[in-house]
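Please read the structure below before turning to the comments.
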Amino acid sequence: MTKVRVKVLFFGMLRDIVGRSEDHIEVADGSRLEAVFERYAQQFPRLGALKASIVLASNHQFCEPSAAVSDGDEIAFLPPVSGGTGRYTQQIRESEQGYFFALTRQPIDTAGITRELLRGEDGAVVNFEGVVRNNTKGRSTKFLDYECYEPMAVKMMAEIGRDIARTHSIGRIAMVHRLGCMQIGETSVAVIVTAPHRKPAFEAALEGINRLKRIVPIWKKEHFSDGEIWVEGEWDESVLKK
């Protein structure tokens, strides 16, 4: 029987369950993604118990479990979402339109990004910043850790931004998410929108952060004085229907 070799990636709580961030395996040619998942579910029953909330991806694209596996594929198991070199570990910069999407492990330079986006015709700038708070439902938070499937996350941020720019009367949009360890009060994510008028700028920024939180593969671990947890979220059902 012909075999194909694939790389399998694990993120967030799934990485903790299997005890590794990636694996390389051989499967029968013609296998489906669901067969790859079941292989690990048999080894790790807790993974199998989470099956209903795990999304599968192949080569940076969301996929149905029935999708075929090919030699050299990069397969990712993605838990529900909650969130390099130089300043940005991944970035997509569309100079002609003025859009910018990036991931960073350094503080987000919202002022600098705003200066890059602003044009003379803009009458409004909306800068949404999500910051680390000191508690969750009264439980004292020490700090947060963010991790993500970086190549896929920045592509999805760009798709969201382009779609918002098509459907709102704005000038430019930028979305930047920070990764790694963040302390209380630090900015974890920024959505910046410029526009001739304030209403579409506010609406675009709100839609941007809401969609990013629902479908971009970024995960958050909260560290408390008495323990730590991966924040459980819920996939937007639309992610596999496009």
Item to check | Conditions (1) within 23 Å of the chain's Cα centre (by Cα); (2) closer than 30 Å to residue 188 by Cβ; number of the one not met by residue 73 | outcome: (2)
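Is there a residue being outside the structural domain of residue 168 (by TED's automatic domain parsing) and among the basic types (Lys, Arg) anywhere in region 38-48? Can you show your working first?
Taking region 38-48 first, the residues outside the structural domain of residue 168 (by TED's automatic domain parsing) are 38-48.
From what's left, among the basic types (Lys, Arg): 39, 46.
Yes, region 38-48 has at least one match.
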Next on the checklist: Can you pull out every residue in region 188-234 that is modelled with pLDDT under 90 and buried (at least 19 other Cβ atoms within 10 Å of the Cβ)?
Outcome noted: 230
Item to check | Given (1) touching a Gly at 6+ places or on another chain (Cβ under 7 Å); (2) over 26 Å from residue 94 (Cα atoms); (3) of a type in the set (Asp, Glu), index of the condition residue 147 fails | outcome: (2)
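So which residues in region 104-140 are farther than 19 Å from residue 171 by Cβ, in a strand (DSSP E or B) and under 22 Å from the mean Cα position of the chain (by Cα), if there are any at all? Step through it out loud before you land on a result.
We begin by selecting, within region 104-140, every residue farther than 19 Å from residue 171 by Cβ; these are 104-109, 129-140.
Okay, now just the ones that are also in a strand (DSSP E or B), so 104, 129-131, 135-136, 139-140.
Within region 104-140, 104, 129, 130, 131, 136 qualify.
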Item to check | Single residue of region 127-178 satisfying the filter (surrounded by fewer than 19 Cβ atoms within 10 Å (Cβ to Cβ), among the hydroxyl-bearing types (Ser, Thr, Tyr) and within 25 Å of residue 15 (Cβ to Cβ)) that is modelled with the highest pLDDT | outcome: 141
Checklist entry - Within the set of pairs 6+ apart or on separate chains, which have a first residue in region 108-124 that is assigned by TED's automatic domain parsing to the domain that holds residue 95, a second that is in a helix (DSSP H, G or I), and C-beta atoms under 7 Å apart? => result 124/198; 124/201
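Say we look at region 45-92 and pick out the residues that are among the charged types (D, E, K, R) and surrounded by 14 or more Cβ atoms within 10 Å (Cβ to Cβ); which of these is farthest from residue 176 (Cα to Cα)? Let's see the steps before the verdict.
Looking only at region 45-92, we keep the residues that are among the charged types (D, E, K, R), and these are 46, 51, 64, 71, 73-74, 87.
Applying the additional criterion that residues be surrounded by 14 or more Cβ atoms within 10 Å (Cβ to Cβ) yields 73-74, 87.
Values: 73: 28, 74: 25, 87: 11 Å.
For region 45-92, the residue satisfying everything is 73.
The values are calculated or read from the model by the stated rules, or taken from the named source; none is laboratory data. Note that this is a predicted model, so its numbers are computed, not measured. So basically every Cβ, Gly included, is an ideal-geometry build from the backbone, and we count neighbours across all protein chains shown.
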